[in-house]
Amino acid sequence: MSRKISLIIGAGCTVSDVSTRPKIWRPPLDKGFFSIANTTNPTEAKIIVSYITENYGLDILQPENDSLEQVMAMIYTDVFDPNLEHNSSRVFRELITLFNQRLADTTNNLRATQQRYLYRIVSYYLKNGVKPKDITIVTFNQDIQIEKVLYKLAQTERYKKIGTIFNFPYCYSIPISSATVTGPTGTKSKEGLFKLANDSNLKGIRILKLHGSLNWHSTHRSRKPSPRAMFRPNRVIRITQRQIIATQMTFTGTHHAQHTLPVIVPPVTHKSAILHNYIKPLWRMAEQELRAANEVVIFGYSCPVMDFESSNLIQRSLKEAAKYKDLSIIDPDSSVLTRYINLIKPPQITCYPSATDFLQRK
């Protein structure tokens, strides 16, 4: 009987690899987002800070109010208020742009090496006989660090004999074809590109990106599309081969050049209403994989209380099955362990303050 592994990955996984970098160059987390953005992207941050101050009397540069998820949920709600729609739409678009830019700026230069924690964790399972097709990564991250790590693994000599590890772009389990994968514009260089797989049927490690991805993009006639256009559920999704993400790209495959926008799901309440038709099935797949897994590792994902859909997914997937699984959490914050204990009430759960501790235990 095959051994099935599911890894739930959050932003803490990427942050753990760059903990020694100054905070302004670490991938953004929920808390402290605006105080950092006010330093790195002051023009965009000021628009959002002013909106919240004028409408709600809150200073989001103060630690107690500095929450990306809370602010994004507030502005997103205003978008659908007829009295606030015009101004809030502009501010919401600025916030999405700022979030995309911060993600790209802080992750583009992160090289995938054999010392990265995710590399070492996946490597452990491969060395111990787990087949790539029996490993599923469920992630709430929109960066492409997971892809970089799996690409590095696939190029590592000792793993080439075990079969396909990284089957790009079919690893995403969305209905995409090589025809909708784009390369860089204006260059013939292959440097910094993910290699396209020749066979969509090859089974490698699956990457279920429940919040979308910076390298998935939709096209729009305007550089400043409305929120309704940004989240239209049937818009065309294309995937770029780039490993260096440019948040302001143009697509020239049609008669007129179009502006691109990363396909991401913002951290708002009732996000199911804005899920793309390709992303909705990923949530069902994630639940099926988590239920079927023999072992689940949660790495750097705190499961925010305000994120009801994600909390419900994890609760449904693990509550009944937890007593049959090897369930581990990698997170330095003890409150995260408490959060999962209260959420799924497992008879046994093991928490590790770092990935190093997890690997030493293994």
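Here ASN128 passes the criteria (1) crowded, with 21+ Cβ neighbours inside 10 Å; (2) free of Cβ contacts under 8 Å to residues at least 60 places away in the same chain; (3) not assigned by TED's automatic domain parsing to the domain that holds PHE33 except the one numbered (1). Return yes when SER19 is closer than 28 Å to ASP357 by Cβ and touching a residue at least 40 places away in the same chain (Cβ under 8 Å) and no when it is not. Considered against the rule, which asks whether it is closer than 28 Å to ASP357 by Cβ and touching a residue at least 40 places away in the same chain (Cβ under 8 Å), SER19 comes out as no. For segment 98-122, taking the residues that are under 18 Å from ARG361 (Cα atoms) and surrounded by fewer than 19 Cβ atoms within 10 Å (Cβ to Cβ), the one that is modelled with the highest pLDDT is identified as ARG120.
For segment 97-124, a residue qualifies if it is in a helix (DSSP H, G or I), more than 24 Å from TRP283 (Cα to Cα) and touching a residue at least 60 places away in the same chain (Cβ under 8 Å), and the qualifying residues are THR97, LEU98, GLN101, ARG102, ALA104, ASP105, THR106, THR107, TYR117, ARG120, TYR124. Among residues of segment 237-251 being crowded, with 17+ Cβ neighbours inside 10 Å, farther than 14 Å from ILE174 by Cα and aliphatic (A, V, I, L, M), the one that is nearest to the chain's Cα centre (by Cα) is ILE245.
Considering segment 7-38, and only residues there that are within 20 Å of ASP143 (Cβ to Cβ) and among the hydroxyl-bearing types (Ser, Thr, Tyr), the residue that is surrounded by the fewest Cβ atoms within 10 Å (Cβ to Cβ) turns out to be THR20. Counting only residues that are farther than 21 Å from LEU103 by Cα and not hydroxyl-bearing (Ser, Thr, Tyr), segment 38-64 holds 8 of them.
Go through the residues of segment 147-163 one by one and say whether even a single one is in a loop (DSSP other than H, G, I, E, B), at negative phi and crowded, with 22+ Cβ neighbours inside 10 Å. Walk me through how you get there before you give the answer.
Filtering segment 147-163 for residues in a loop (DSSP other than H, G, I, E, B) gives 156, 163.
Imposing the further condition that a residue be at negative phi reduces the set to 156.
Next cut, crowded, with 22+ Cβ neighbours inside 10 Å only: none.
No, that holds for no residue.
If I filter segment 317-344 down to residues being among the charged types (D, E, K, R) and modelled with pLDDT under 85, which single residue comes out as farthest from the chain's Cα centre (by Cα)? Selected residue: LYS323.
The values are calculated or read from the model by the stated rules, or taken from the named source; none is laboratory data. As the structure is a computational prediction, the values presented were derived from the model and not from experiment. Positions of Cβ are backbone-derived with ideal geometry, glycine not excepted, and every protein chain shown enters the neighbour counts.
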